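Novice: Mind having a look at this structure? Questions to follow.
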Amino acid sequence: MDFDDLQRTFFDSLYTYRVAIAVGTALVAVGLLIVALRMGWFAAARRHPARAGALLVIVLAIGLPLGYYVASPLWIRTELIEPGPAAVAVAAQTSSPRPAPPSSSTDSAPTPPAGTSQTPAGSAPVAEPTPFVARRLTGGSFRGTDDFHFGRGTASIIETAPGSYTLRFDDFSVRNGPDLYVYLSPAADDYADGALELGVLKATDGAFGYELPAGANPNDYASAIIWCKQFSHLFAVAPLEAA
């Protein structure tokens, strides 16, 4: 196991057992309070108010932002509804070449009689663009990793134009958390080496999508996942199967 694996395991365990860690921290704090009372630390603080005040400011400056960062996702929710992928107009291919543009000769061509077509004889008509029919290649339903980290809704990879793909979430909802990102993973149930990062999670609820970068092959990925970068923790996963 290399350093990256050890780091991931550490932060994953830290977030998974955060409740037990919080309880343990509270117990340690109570123990320190009892020790402080017995050792006369509060009396010493009253004798040196400047030092005690500076220490309190440092503790609060570190503890309050950290506590809010970790706990705020429990009550913060966001919603986003984006329209589904639109059909892209693609010009139909024809075997006949387009007519050459008129020459810049000084001799002007005779003007055809009024009411007659000016299309050169034998030239093919210009093909009109036809809408590309978007198709769902793979899809699956989200599930959370445990009772606390829930995940709901569907994930679909949709071909919106020849060679262009979008990962689409519908009826989506997930437990909020710090530093959440969307990935396509080669593994069916977890983050894995070779996972493709698509961007920060846009919202905890709703329907929205992410364009895959040029050259990405949807067949290389077996799941869509919601991943916490900060703690290397999997929040939700949607295994992808052929539509």
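The values are calculated or read from the model by the stated rules, or taken from the named source; none is laboratory data. The structure presented is a predicted model; accordingly, all values stated were derived computationally and were not measured. FYI the Cβ positions are ideal-geometry reconstructions off the backbone, even for glycines, and counts take in every protein chain you see.
Novice: A87 passes all but one of (1) modelled with pLDDT of 65 or more; (2) surrounded by 11 or more Cβ atoms within 10 Å (Cβ to Cβ); (3) part of a loop (DSSP other than H, G, I, E, B); (4) not acidic (D, E); which number fails?
Specialist: (1)
Novice: When the residues of region 204-243 are narrowed to those that are of a type in the set (G, A, S) and in a loop (DSSP other than H, G, I, E, B), which ends up farthest from Y165 (Cα to Cα)?
Specialist: Initially, region 204-243 is screened for residues of a type in the set (G, A, S), giving 206-207, 209, 214-216, 222-224, 232, 236, 238, 242-243.
Filter once more, so that each one left must be in a loop (DSSP other than H, G, I, E, B): 214-216, 222, 232, 243.
Details: A214: 9, G215: 10, A216: 8, A222: 15, S232: 27, A243: 14 Å.
The residue in question is S232.
Novice: While we're on this one: Scan region 194-223 for residues that are in contact with a Lys or Arg (Cβ under 9 Å, 6 or more places away or on another chain) and at pLDDT below 95 and jot them down.
Specialist: Residues satisfying the conditions do not exist here.
Novice: Looking at (1) within 17 Å of F235 (Cβ to Cβ); (2) within 13 Å of the chain's Cα centre (by Cα); (3) of a type in the set (A, V, I, L, M, F, W, C), which is the one condition that is false for A187?
Specialist: Going through (1) within 17 Å of F235 (Cβ to Cβ); (2) within 13 Å of the chain's Cα centre (by Cα); (3) of a type in the set (A, V, I, L, M, F, W, C) one by one, A187 breaks only (2).
Novice: Test R168 against the stated conditions and say whether it is of a type in the set (K, R) and surrounded by 15 or more Cβ atoms within 10 Å (Cβ to Cβ).
Specialist: On the way: of a type in the set (K, R): yes; surrounded by 15 or more Cβ atoms within 10 Å (Cβ to Cβ): yes.
For R168, the condition - of a type in the set (K, R) and surrounded by 15 or more Cβ atoms within 10 Å (Cβ to Cβ) - is met.
Novice: Let me ask something else about it. Does region 157-164 contain any residue that is under 19 Å from W75 (Cα atoms), buried (at least 20 other Cβ atoms within 10 Å of the Cβ) and at pLDDT below 95? It would help to see each step written out before you state the result.
Specialist: Of region 157-164, the ones under 19 Å from W75 (Cα atoms) are none.
No, that holds for no residue.
Novice: Does L137 meet the test of being touching a helix residue (DSSP H, G or I) at 6+ places or on another chain (Cβ under 9 Å) and crowded, with 18+ Cβ neighbours inside 10 Å? Give the steps one after another, and end with the answer.
Specialist: Working: touching a helix residue (DSSP H, G or I) at 6+ places or on another chain (Cβ under 9 Å): yes; crowded, with 18+ Cβ neighbours inside 10 Å: no.
Criteria not met by L137.
Novice: Any residue at all in region 191-203 that's part of a loop (DSSP other than H, G, I, E, B) and charged (D, E, K, R)?
Specialist: Let us first name the residues in region 191-203 that are part of a loop (DSSP other than H, G, I, E, B), namely 191-195, 201-203.
Add one more test, that the residue is charged (D, E, K, R), and what stays is 193, 202.
Checked region 191-203: at least one residue is part of a loop (DSSP other than H, G, I, E, B) and charged (D, E, K, R).
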